[in-house]
Amino acid sequence: MDALIDLSLRAVFLALLHPFTRGLLFVLVALYGAGSGWPGWVSGLCGGLGVGFWLAPLWGLWRDRRR
């Protein structure tokens with residue numbers, strides 16, 4: 001059982017290294033927060049972070065392409 005927990009945690013941490021899965025996690029937390037009555041600023045912050053994680057790599061690609 002300990003090996004299964006260890007592998008699961010490693011898989012989650014490796015998935016969170018990728019910007020798409022980090023953004024997806026924050027957007028899903030924002031949707032959950034909006035549906036469960038969290039303050040609007042918390043859900044908005046989580047949603048903004050999620051979209052920011054999605055747009056940051058695109059901004060870097062666009063900026064490198066212009067040079």
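The values are calculated or read from the model by the stated rules, or taken from the named source; none is laboratory data. Computed from a predicted structure; not experimentally measured. Glycine also receives a Cβ, built like all others from the backbone with ideal geometry; neighbour counts cover every protein chain displayed. Accessible surface areas use protein heavy atoms only, side chains included; no ligands, DNA or RNA. Shrake-Rupley method; radii C 1.70, N 1.55, O 1.52, S 1.80 Å.
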Q.
Suppose each label sits 7 Å from its Cα in the direction of the beta carbon; what would the Leu16-Leu58 distance come out to in nanometres?
A. 2.5
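Of the accessible area of the chain, with the probe set at 1.4 angstrom, what percent is carbon plus sulfur?
Carbon with sulfur: 74 percent of the solvent-accessible area.
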Q) Projected onto the charge dipole of the chain (+1 at Lys/Arg Cβ, -1 at Asp/Glu Cβ, origin at the Cα centre), which of Leu24, Val42, Leu61 gives the Cα projection farthest towards the positive end? A) Leu61
Q. Size of the dipole of the chain about the Cα centre, Lys and Arg at +1 and Asp and Glu at -1 on the beta carbon, nothing else charged, in debye to 20?
A. 500
